[in-house]
Amino acid sequence: MKRERAAYWLSQALDGELSPRRLRRLEKLLTEDPALADLQEQWLAIGQSCRAQSVEPPQTPEAAWQNVQRAIRLSQDEVAEPTPTAVVGGLWRWGLSVAAVLLLFAGTWWGLRPTGEPWATVPVAERTQVEWVESDLPDAISMVYEDEDTGLTVIWVMMDDVQEDNGYAG
Amino acid sequence: MSPHASNPVNADGDVVDVPRLVQLAKNGDEAAFGELMQAYYTRVYGLLNGIVRHEDDARDLSQHVWVKVWHKLDSFKGDSDFYTWLYRVATFAGLDFVRKRKRQREVELSEALEPNRDADSVLPPSLTSRPDSAAQTAEIQTVFERALETLSPEHRTALMLREVEGLSYDEIAVATGCRRGTVMSRIFYARKSIQAQLKDVR
């Protein structure tokens, strides 16, 4: 087994999170590999140093509670008794929000309003220019237009008695 | 290790009935909240000090956290233990504070490192001078503290929650808002990193 994997298991074992099966394998490895056993000692020492690090707070919990209580009351007062400036500011914000919503509705309605001409909102320049042309084929209708994507001129020949349309590009 | 966070004790040494106090506090009982706060105050302060590595900042931040907990208590639904939720609020506040402080320091450092300035003069003494090495244990402790500081706040938090608070991987995952696998690898990496730095002084 690779040392790195064993170390990973060791870390989990120290935290009590390694499965019993792996724990048995690790215990065997610890007896066989002095370097791994040394690593275990070092990591245990790191844990002890972490716990030794924990410092006492600079004030007692009782004194801290007095401060927190004051801070809570102050924050509640701010919520309960808004200053005149805050009230005016709040009304302004409320009014601006309403105006923004109304504008949004008006814009949406203008864009989606029903019109008689389905292409009314499409600029003239973007419309595909279709030219109906005469054809020598009997009962055929032909049209010519320029395809926007390819830039090719497309000639469509539609026959009344044929299910498929025949398109030619040139 | 002190009693587990699930069973905190009050000043008289009696185990605190956390669920009852939480319920009372949720109903607006300030005295119950005070009792709850006092039971967990030292732990939360220790956790925050572990994250921010500055006692005054940890004290101010812990007051901020407790005010926040009071206002957010309604959002605690009891899906997890109270202390897991509390540590989550504290951890997020601590990490947020560290990120803001880092940004602030970067701005200050970039201003201080303008041309014609001596870069060494703006570095804290701890980074420019070596300890006198009076005793090896003291040196190990110093190196250990530095090693802790070189860890990212996320790695340090995971290690502290495990080693100091005794939280399980699942509880740390909830408290820090990440996956169990991430917790596992953060703790592993933190141990490896500290051990590598301690190797030179042993």
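The values are calculated or read from the model by the stated rules, or taken from the named source; none is laboratory data. As the structure is a prediction and not an experimental result, all values here were calculated from the model. With ideal geometry, Cβ positions are generated from the backbone for all residues, glycine too; neighbour counts draw on all protein chains shown.
Below, the figures for the structure above:
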{"quantity": "Among (1) surrounded by fewer than 16 Cβ atoms within 10 Å (Cβ to Cβ); (2) part of a helix (DSSP H, G or I); (3) in contact with a strand residue (DSSP E or B) (Cβ under 9 Å, 6 or more places away or on another chain), the one test that B:Ala39 misses", "calculated": "(1)"}
{"quantity": "Any hit, the stretch B:82-91, residues being within 14 Å of chain A (Cβ to nearest Cβ), of a type in the set (Val, Ile, Thr) and touching a residue at least 24 places away in the same chain (Cβ under 8 Å)", "calculated": "yes"}
{"quantity": "Test: A:Thr85 is at pLDDT below 85 and part of a loop (DSSP other than H, G, I, E, B)", "calculated": "no"}
{"quantity": "Complete set of residues in the stretch B:155-190 that are buried (at least 19 other Cβ atoms within 10 Å of the Cβ) and touching a residue at least 40 places away in the same chain (Cβ under 8 Å)", "calculated": "B:Arg156, B:Thr157, B:Met160, B:Leu161, B:Val164, B:Glu165, B:Leu167, B:Glu171, B:Val174, B:Ala175, B:Thr176"}
{"quantity": "In the stretch B:166-200, residue farthest from B:Phe144 (Cα to Cα) [restricted to those that are more than 12 Å from chain A (Cβ to nearest Cβ) and in a helix (DSSP H, G or I)]", "calculated": "B:Val174"}
{"quantity": "Matching residues, the stretch B:159-200, being closer than 15 Å to A:Trp43 by Cα and among the aliphatic types (A, V, I, L, M)", "calculated": "B:Leu159, B:Met160, B:Val164, B:Met184, B:Ile187, B:Ala190, B:Ile194, B:Ala196, B:Leu198"}
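Residue by residue, here is whether (1) at pLDDT 85 or above; (2) under 30 Å from B:Phe82 (Cβ atoms) holds:
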| residue | (1), (2) |
| --- | --- |
| B:Glu111 | no, no |
| B:Leu123 | no, no |
| B:Gln136 | no, no |
| B:Val143 | yes, no |
| B:Leu148 | yes, yes |
| B:Tyr169 | yes, yes |
| B:Ala190 | yes, yes |
| B:Gln195 | yes, no |
| B:Leu198 | yes, no |
